[in-house]
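Data block below; observations after.
Values quoted throughout were computed directly from the atomic coordinates according to the rules given, and no laboratory measurement underlies them. All values derive from a computational prediction rather than experimental measurement. Cβ sites come from the backbone with ideal geometry, for glycine too, and all protein chains shown count toward neighbours.
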Amino acid sequence: TQLPFGGMEAVARSLDVDPSQPPDFAALYASEFNFVWHLARRMGVASRNQPDVVQDVFLTVHRRLGTYDSSRPLRPWVAGVALRVALDHLRLARNTRELVGQEVEPVDLAPAADERLRDEQTRWMVQQALLALDPDDPRIN
């Protein structure tokens, strides 16, 4: 894929910046575009929505670039923004997949195996306790 905004030249220019200044957005876009694109795909964003999600990521990055702490690595910060934008996108009801015509598996309302085992053990202990009782004991009648 061809990187926009001058590709690797812009990336090289971005490495020679004043750490007290926020990074150049064009260089940041050029250097992180492929990373964000593939991250959105790995997060499960449908290919038809991928360009929109990536655009939203870079709009958010541009808007919040002034809050970026330049003493920290840039890529994890961009990745955090990308993950939040992708998750927000995936949470929207219009982006959930409903398979028409496919039957939904009914929920099993039977107790789980560990609950059945615990009930069986309790039942056995009660039976053992009842068998240990003396039927001639006056306290039982």
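Would you mind counting up the charge near residue 115? Only other residues with Cβ under 14 Å from its Cβ, with Lys and Arg at +1 and Asp and Glu at -1. Walk me through the numbers on the way to the answer.
Details: positive: 116, 118, 123; negative: 108, 114, 119, 120.
My count for the surroundings of residue 115 gives -1.
Segment residue 75..residue 130, full-extension length gain: 12.9 nm, with 0.36 nm per residue of separation and the alpha-carbon distance subtracted. Classify the range 35-78 as rounded, prolate or oblate from the Cα gyration tensor: take a ≥ b ≥ c as the square roots of its eigenvalues, call it rounded if a/c is under 1.5, otherwise prolate when a/b beats b/c and oblate if not. Here the range 35-78 falls in the oblate category.
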